[in-house]
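The values are calculated or read from the model by the stated rules, or taken from the named source; none is laboratory data. As the structure is a prediction and not an experimental result, all values here were calculated from the model. Cβ coordinates were reconstructed from backbone atoms using ideal geometry, including for glycine residues, and neighbour counts include every protein chain displayed. Ligands, DNA and RNA are stripped out before the accessible areas are found, and what is left, the full protein with its side chains, is counted by its heavy atoms. Shrake-Rupley method; radii C 1.70, N 1.55, O 1.52, S 1.80 Å.
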Amino acid sequence: MSKPLTVWDLPKDEFLAPGHRMCQGCAAAITIRHILKAAGKDVIVVMPTCCGEITSTVYPQTAWRVPWIHVAFENAAAVASGVSAAIEALKRKGEIPEEKDIKVIAIGGDGGTFDIGFQALSGTLERGDNVLYVCYDNEAYMNTGIQRSGATPLGAWTTTTPVGKVWRGEWRPKKRKDLIAIAIAHNVPYAATANPAFPVDLYTKVKKALSIKGPKLIHVLSTCVPGWRIEPEKAVEIAKLAVLTGMWINYEYENGVYRVTTPVPKRKPVSVYLRLQGRFRHLTDEDIKKIQELVDADVERINKLVGKQVIGPVES
Amino acid sequence: MSLPGWKQIPLGAVILKPGNSVEYKTGEWRTLRPEINQEKCIRCRTCWMFCPEGAILEVEEPYKTQAGKEYRLTYKVNYDHCKGCGICANECPVKAITMIEEAI
Ligand SMILES: Cc1ncc(C[n+]2csc(CCOP(=O)(O)OP(=O)(O)O)c2C)c(N)n1
Ligand code: SF4
Ligand code: SF4
Ligand code: SF4
Ligand SMILES: [Mg+2]
């Protein structure tokens, strides 16, 4: 295995220009910056409607310094497949040199990935198209005003899972659907999770994914200031706590082998992550216990997949 | 910002100037201003890595601290675009960044 990268390996190039209108402290902006650092200039980015799209291309301006296409909410993956096929066709016709390596990346939100663009994503993964799909997951439909999605975690307040006498935030009593497992079920060569508090890990994974031919998927947690009811300066700290509590596990899957990239020998209790966020402020100790049990089960599942205990017990 | 008339807009409303969002100064959103104490800064690149705006600039400018430590790099803030989120100050391992209230 090659030597792990450090912060000094991140290139200085900025392909996401400042002046974009993402909120103060938006983690999606951090994620997109590092995806683009890893991709370099020879990339075409496809984006469905989402926060990252509306805030980066307020007409007549764009924050993108690489070619970028906005498509409908439902079909980012399908359009990315089309772009990839077009590159191949132009190479066949001799209009693009055969050796020129042009990458295609689709970047979508959780609503556009877990729910509305799901069918298109499945098609891209199933056909084996040469596309990297990245889902930045802020766990709700944020730019339209914080509606629940298939990625909203148990207990989270959103405007469609309100908090009152009857509703107590998101009600789905189990772990949300597992995007990585779904990608792997399509026989993809590479799938990974990443987190904006670990940009070098994210950068390494995007680099690796882009070096592999075929469909790849990276699922990135994305702290969201208004949607999670958090202070902007805490956006990275909270993303890091997601990993330290086991609420989020940084791992990758490559040709049948699972590897946790951020081992956590001793976990913090999930309460330290939940209690910093206004969207969870109504949770009782009993509610938090339930969430802790879900996380414990998930940690056990990942440790089994990896074949050893890389994520440890909750420290007392 | 002057808006183009419909005859000047390219077909398909394609934007022909990559990264022209820099014309929009998000620094105006700021209520708190990050200030980097160059004496305290250990040049670790953490703030540069985490800034959502790419508004921490890494410049090849040597700096010598009063204690005599020499650095090749200096970190500065692009105040035209810094939104004042405070992530840099929160993440700096040596607390070299202070958030100061903007005077109106
Ligand atoms: C078919 C369709 N339905 C609804 C919308 C309105 N819409 C645009 S973006 C969006 C939410 C996006 O949520 P997500 O994908 O999670 O991205 P986020 O805004 O959270 O970054 C919705 C509902 C749309 N553009 N197209
Ligand atoms: S609503 Fe959330 S995801 Fe959208 S720009 Fe703001 S912080 Fe980012
Ligand atoms: S994080 Fe702090 S110490 Fe590191 S480069 Fe920035 S100001 Fe300097
Ligand atoms: S306050 Fe936020 S936007 Fe400004 S330099 Fe620091 S991290 Fe960047
Ligand atoms: Mg979302």
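Some points to look at:
- For segment B:31-69, taking the residues that are within 16 Å of ligand 2 (Cβ to nearest atom) and in contact with a Lys or Arg (Cβ under 7 Å, 6 or more places away or on another chain), the one that is farthest from residue A:10 (Cα to Cα) is identified as B:53.
- Residue within segment A:222-243 that is of a type in the set (Gly, Ala, Ser) and open to solvent by 10 Å² or more (accessible area, probe 1.4 Å) present: no
For every residue, the table says whether it meets (1) small (Gly, Ala, Ser); (2) within 16 Å of ligand 3 (Cβ to nearest atom); (3) touching a helix residue (DSSP H, G or I) at 6+ places or on another chain (Cβ under 7 Å).
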| site | (1), (2), (3) |
| --- | --- |
| A:23 | no, no, yes |
| A:61 | no, no, yes |
| A:81 | yes, no, yes |
| A:93 | no, no, no |
| A:101 | no, no, no |
| A:111 | yes, no, no |
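- Looking only at segment A:297-316, and only at residues there that are part of a loop (DSSP other than H, G, I, E, B) and not small (Gly, Ala, Ser), the one that is surrounded by the most Cβ atoms within 10 Å (Cβ to Cβ): A:310
- In the set (1) of a type in the set (S, T, N, Q); (2) open to solvent by 10 Å² or more (accessible area, probe 1.4 Å); (3) away from ligand 2 (no atom under 16 Å from the Cβ), the condition left unmet by residue A:250 is number (2).
- Single match in A:97, A:67 (criterion: away from every other protein chain (no Cβ under 14 Å) and surrounded by fewer than 17 Cβ atoms within 10 Å (Cβ to Cβ)): A:97
- Candidates are the residues of segment A:1-20 that are in a helix (DSSP H, G or I) and within 8 Å of another protein chain (Cβ to nearest Cβ); the one that is nearest to residue A:202 (Cα to Cα) is A:7.
- Test: residue in segment B:84-93 that is exposed (fewer than 15 other Cβ atoms within 10 Å of the Cβ) and either assigned to a loop (DSSP other than H, G, I, E, B) or within 9 Å of chain A (Cβ to nearest Cβ) (or both): yes
- Sole residue being open to solvent by 10 Å² or more (accessible area, probe 1.4 Å) and within 29 Å of residue A:99 (Cα to Cα), chosen from A:212, A:218: A:212
- Segment A:134-185 - residue that is aliphatic (A, V, I, L, M) and part of a loop (DSSP other than H, G, I, E, B) and, of those, nearest to ligand 2 (Cβ to nearest atom): A:142
- Residue in segment A:109-133 that is nearest to the other protein chains (Cβ to nearest Cβ), counting only those that are among the hydrophobic types (A, V, I, L, M, F, W, C) and either within 16 Å of ligand 2 (Cβ to nearest atom) or farther than 22 Å from residue A:56 by Cα (or both): A:120
- Considered as a group, the residues in segment A:25-56 that are polar (S, T, N, Q) and surrounded by fewer than 24 Cβ atoms within 10 Å (Cβ to Cβ) include one that is nearest to the other protein chains (Cβ to nearest Cβ), and that residue is A:55.
- The one condition in (1) farther than 21 Å from residue A:198 by Cβ; (2) in contact with a Leu (Cβ under 9 Å, 6 or more places away or on another chain); (3) open to solvent by less than 60 Å² (accessible area, probe 1.4 Å); (4) not hydrophobic (A, V, I, L, M, F, W, C) that residue B:60 fails to fulfil: (3)
- Some residue of segment B:5-16 being at pLDDT 95 or above and not in a loop (DSSP other than H, G, I, E, B): no
- Selection of segment B:7-62 for residues being away from ligand 3 (no atom under 16 Å from the Cβ), at the interface with another protein chain (Cβ under 10 Å from one of its Cβ atoms) and over 21 Å from residue B:80 (Cβ atoms) yields B:8, B:9, B:10, B:13, B:14, B:16.
- Filter result (within 14 Å of another protein chain (Cβ to nearest Cβ) and closer than 13 Å to residue A:194 by Cα) within segment A:237-267: A:239, A:240
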